[in-house]
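Visitor: Pasting in a structure now, in structure tokens, and then I'll have a few things to ask.
The values are calculated or read from the model by the stated rules, or taken from the named source; none is laboratory data. Note that the coordinates shown come from a computational prediction; the quantities given were computed from them, not determined experimentally. Glycine gets a Cβ as well: all are built from the backbone with ideal geometry, and neighbour counts include every protein chain shown. For accessibility, only protein heavy atoms count, side chains too; no ligands or nucleic acids. Shrake-Rupley method; radii C 1.70, N 1.55, O 1.52, S 1.80 Å.
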Amino acid sequence: MAEKMALAKAINESLRRALDADPKVVVMGEDVGKLGGVFRVTDGLQKDFGESRVIDTPLAESGIVGTAIGLALRGYRPVVEIQFDGFVFPAYDQIVTQLAKMHARALGKVKMPVVVRIPYGGGIGAVEHHSESPEALFAHVAGLKIVSPSNASDAYWMMQQAIQSDDPVIFFEPKRRYWDKGEVDTEAIPGPLHAARVVREGTDLTLAAYGPMVKLCQEVADAAAEEGRSLEVLDLRSVSPIDFDAVQASVEKTRRLVVVHEAPVFFGSGAEIAARITERCFYHLEAPVLRVGGYHAPYPPARLEESYLPDLDRVLDAVDRSLAY
Amino acid sequence: MTVESTAARTPRRSAGNKAGTTGTKRTTSTTKKAAGARKSAEPALVQLLTPEGERVKNAEFDKYVADITAEDLRGLYRDMVLTRRFDAEATALQRQGELGLWASLLGQEAAQIGSGRALRDDDYVFPTYREHGVAWCRGVDPTNLLGMFRGVNNGGWDPNGNNFHLYTIVIGSQTLHATGYAMGITKDGADSAVIAYFGDGASSQGDVAEAFTFSAVYNAPVVFFCQNNQWAISEPTEKQSRVPLYQRAQGFGFPGVRVDGNDVLANLAVTQWALERARAGEGPTLVEAFTYRMGAHTTSDDPTRYRGDEERLAWEAKDPILRLRRYLEASNHADEGFFAELETESEALGKRVREAVRAMPDPDHFAIFENVYADGHALVDEERAQFAAYQASFADEDGGK
Ligand SMILES: Cc1ncc(C[n+]2csc(CCOP(=O)(O)OP(=O)(O)O)c2C)c(N)n1
């Protein structure tokens, strides 16, 4: 059944399907019940599945993730919501020291099918702690899987797959794309959760991105096309693991790579991609791998975020620099 | 920085006034029936002024407001009225697109002004993001509070200017900062006190429990002032706690008290008591001001999704400003002239705030790189230079056209 829906609605539908299919799935978080979450992603779920399946939690992130771990030990599959990116840090200890390592410590005898949903990224004019992109802080930790959909269909299917995964998945939702509509085929057979996808073919340069920056990269490719340049756009979809084979295949074709993300460039996911691709594709590259992202500065107040966030010009600038080598 | 409000007409007890308060211990007291209780099982509140504006006796707390004058009372009234006016203006400015967000304090004026006016200049305040009334009492220019809501900065004032720390958005974090600051006061041998504000929702955070632990263990001179406005966005207090919040303190080894949060006199008295305990070396106190958030959580929130009007109407009847007005009128402490003058002052404040916000310039783009480090950092310098070159490339283009 293909249907057009907003990205937030696609996640809502996906959660609904999971709650319906498996009594062990529970949704937890602050305001997820009657309010339906501050972004309405869980809208109507408590009404239909009750307060024991869709749980309004006390205002305590460490508590939310810590109890989700306990529920998982008991055979549940919790999907927890962190209200905004900047509020995951009270739970960071539980995620990093407990959630990520439990499976290994238990010699593989214990599974941690916990999904941590985090609306992330900027561009919505919010106050501080509401616009950050902390994915690299999680990607550095072994035991966690990290994904970020860029469109409604992926949001729907990646959520299904994240819930079915026996590993903890940090599910970064691009909040500024929540209201973007796209076709969702609820009967399709999805590709693997961690596979990247070429969203636009090109020959001159590869743009690699995930989550909120995929749409920007498509706009960049459109703009570049007007200047006679053919850019390939890769939606990585997953930040841990990263589908390096797909990046390599694309770079072997285009010989140039620009990685775009909102998070600070320094020690970011782009750094990892640049290093790996330089190793894998050294003799194919015509230019160093370039990165476009945030600065080594706190996420700025709303009136400055346009200067901080990668935009069309900044990405095009990097494209020019790469092509100039 | 200072504004009209610094000409405080309300009592500020001096450091020396410790007599008769040492050794006070209690949980809650007063024989008065709980005015704001939603459930019959709710504990009694400390109340000095009923919703009808009648002054009621309180054996334990009356002494903390014993020397209050008619002028002091008018000062408290003025503070509440002007704070509400400021708050209403900010809400309106958000609706007009001048602010990105606003967290209104509507209904919480008495809790904030009462506690705020109990403080001494050398005390230190750690607010959340809603303490506009306390900021007012500290003499922070209200327009300074609006920068972060307009999106031009992430703070907006020098915390040391008025001993009023920056707003903290991550729930509960500041209670630990307050405790540490209070520990420092003890180490210095000073007799100032610290007050940390937080909400009922915040009481669930681990940081708040840790602040309680540290402050108790180190006997830190800190007053934890919890404004229980009944809601944490959509979640009622019952989703945070099975016991009345003030009772939390007991398990950590310090007293807790519940005060009628809509009674400015009671807030003044109870905070005074708690501050004096702190100054006297008796350690922390938890004050739970039982009040109500009359509006939405913030301008982004839609309370119609989770709460009915009935509750709000019941609380409107306990409006903190109306209550004091009734008392002032009945006791002939204020005449029509006072109220009329205040109305004019209130309008002028609204106008000043409106104009100041509209005149607030967008920050310079290079502000992104300012103050990232105190000592400087090579990477920031490098990125600033790249940013400058990038900006300059547009200037060249424009110049060429
Ligand atoms: C650690 C953290 N989690 C979540 C949020 C989002 N949030 C902002 S205010 C709020 C409710 C706070 O309720 P309460 O502590 O009762 O204070 P109130 O706003 O009602 O004064 C929430 C959940 C946050 N700011 N920080």
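Visitor: Hey, got the average number of other protein chain Cβ atoms within 10 angstrom for residues in A:301-312?
Guide: Mean partner shielding for this stretch: 5.
Visitor: Which FRET efficiency value, to the nearest 0.05, is calculated for B:Thr344 and B:Glu316 with the Förster distance at 25 angstrom and r the Cβ-Cβ distance?
Guide: 0.50
Visitor: Using a 1.4 angstrom probe on the protein heavy atoms only, could you order A:Thr97, B:Thr344 from most to least accessible area?
Guide: Of A:Thr97, B:Thr344, the descending order of accessible area is B:Thr344, A:Thr97.
Visitor: Using Cα pairs under 8 angstrom and six or more residues apart, how large is the relative contact order of chain A, in percent?
Guide: That works out to 16 percent.
Visitor: Add -39500 (n - 2.57) for each DSSP H run of 4 or more in the protein assembly as shown, then divide by its residues: what number comes out at 222 nm, to the nearest 500 deg cm²/dmol?
Guide: Helix-only estimate at 222 nm: -11500 deg cm²/dmol.
Visitor: For the range A:236-291 and the range A:32-57, write down the distance between their C-alpha centroids in whole Å.
Guide: Cα centres, the range A:236-291 to the range A:32-57: 39 Å.
Visitor: Which angle from 0 to 90°, rounded to the nearest 10, does the C-alpha axis of helix B:320-330 make with the longest principal axis of chain B?
Guide: 50 degrees
Visitor: Nearest 10 degrees is fine. How inclined is helix B:70-95 to the longest principal axis of chain B, computing both from alpha carbons?
Guide: So the helix axis and the longest Cα principal axis differ by about 40 degrees.
Visitor: From other protein chains only, count the Cβ atoms within 10 Å of every residue's Cβ in A:50-59, then give the mean.
Guide: Mean shielding by partner chains, rounded to a whole number: 4.
Visitor: At 1.4 Å probe size, what's the solvent-accessible area of B:Asp335? Round to the nearest 10 Å².
Guide: Looks like 100 Å² after rounding.
Visitor: If the cut-off is 15 Å between C-alpha atoms, which aspartates and glutamates fall inside it for A:Lys24, apart from same-chain ones fewer than 8 positions away?
Guide: A:Glu51, A:Asp166
Visitor: Dipole magnitude of the range B:248-313 about its Cα centre, charges +1 at Lys/Arg Cβ and -1 at Asp/Glu Cβ only, in debye to the nearest 20?
Guide: 220 debye
Visitor: Along the charge dipole of the protein assembly as shown, pointing to its positive end and built from +1/-1 on Cβ of Lys, Arg, Asp and Glu, which listed residue (A:Tyr299, B:Pro236, B:Val380) has its Cα farthest out?
Guide: B:Pro236
Visitor: Among the listed pairs A:Lys111/A:Lys175; A:Lys4/A:Lys253; A:Lys47/B:Lys239, give every one whose C-alpha distance is greater than 27 Å.
Guide: A:Lys111/A:Lys175; A:Lys4/A:Lys253
Visitor: Report the label-to-label distance for A:Asp166 and A:Glu226 in nanometres (one decimal), using points 7 Å from each Cα along the Cα→Cβ vector.
Guide: 5.2 nm
Visitor: Measuring from centroid to centroid over Cα atoms, what is the spacing of the range B:289-336 and the range B:45-108 in Å?
Guide: 10 Å
Visitor: Pop the C-beta distance of A:His140 and A:Asp313 into the FRET formula with R0 = 30 Å and round what comes out to the nearest 0.05.
Guide: It comes to 0.45.
Visitor: Modelled label-to-label distance, A:Arg53 and B:Ala92, 7 Å Cα→beta-carbon offset: nm?
Guide: Reported label-point gap for A:Arg53 and B:Ala92 is 4.8 nm.
Visitor: For chain B, what does the equivalent ellipsoid look like in terms of its semi-axes, each the square root of 5 times an eigenvalue of the Cα gyration tensor, given largest first in whole Å?
Guide: 37, 26, 21
Visitor: Given Cβ point charges of +1 (Lys, Arg) and -1 (Asp, Glu) and nothing else, what value in debye, to the nearest 20, does the dipole of the protein assembly as shown about its Cα centre take?
Guide: My answer is approximately 2460 debye.
Visitor: Out of every Cα pair in the range A:2-185, what percent are spaced more than 23 Å from each other?
Guide: For the range A:2-185, the share of Cα pairs beyond 23 Å comes to 35 percent.
Visitor: Once label points are set 7 Å from the Cα along Cα→Cβ at both A:Asp22 and B:Asp375, what is their separation, rounded to one decimal in nm?
Guide: 5.0 nm
Visitor: Evaluate the relative contact order of the range A:197-323 (contact order divided by residue number), counting alpha-carbon pairs under 8 angstrom at least 6 apart; express in whole percent.
Guide: Dividing the mean separation by the residue count of the range A:197-323 yields 27 percent.
Visitor: Relative to the longest principal axis of chain B, what angle (0 to 90°, nearest 10) does the C-alpha long axis of helix B:173-188 take?
Guide: Result, in degrees: 70.
Visitor: Residue farthest toward the positive end of the dipole of chain A, with Cβ of Lys/Arg at +1 and Asp/Glu at -1: which of A:Met158, A:Val251, A:Tyr283?
Guide: Going by the charge dipole, the pick is A:Met158.
Visitor: Roughly what % of DSSP beta bridges within the range A:197-323 run antiparallel, to the nearest 5?
Guide: Close to 20 percent.
Visitor: Along the charge dipole of the protein assembly as shown, Cβ charges K/R +1 and D/E -1, which of B:Tyr390, A:Leu137, B:Leu245 sits furthest on the positive end?
Guide: B:Leu245
Visitor: I would also like to ask the following. For chain A, taking Cα atoms only, what is the radius of gyration to one decimal and the Dmax to the nearest whole Å?
Guide: 19.4, 60
Visitor: About its Cα centre, what dipole magnitude does the range A:197-323 give when the only charges are +1 on Lys and Arg Cβ and -1 on Asp and Glu Cβ, stated in debye to the nearest 20?
Guide: Dipole about the Cα centre, nearest 20: 320 debye.
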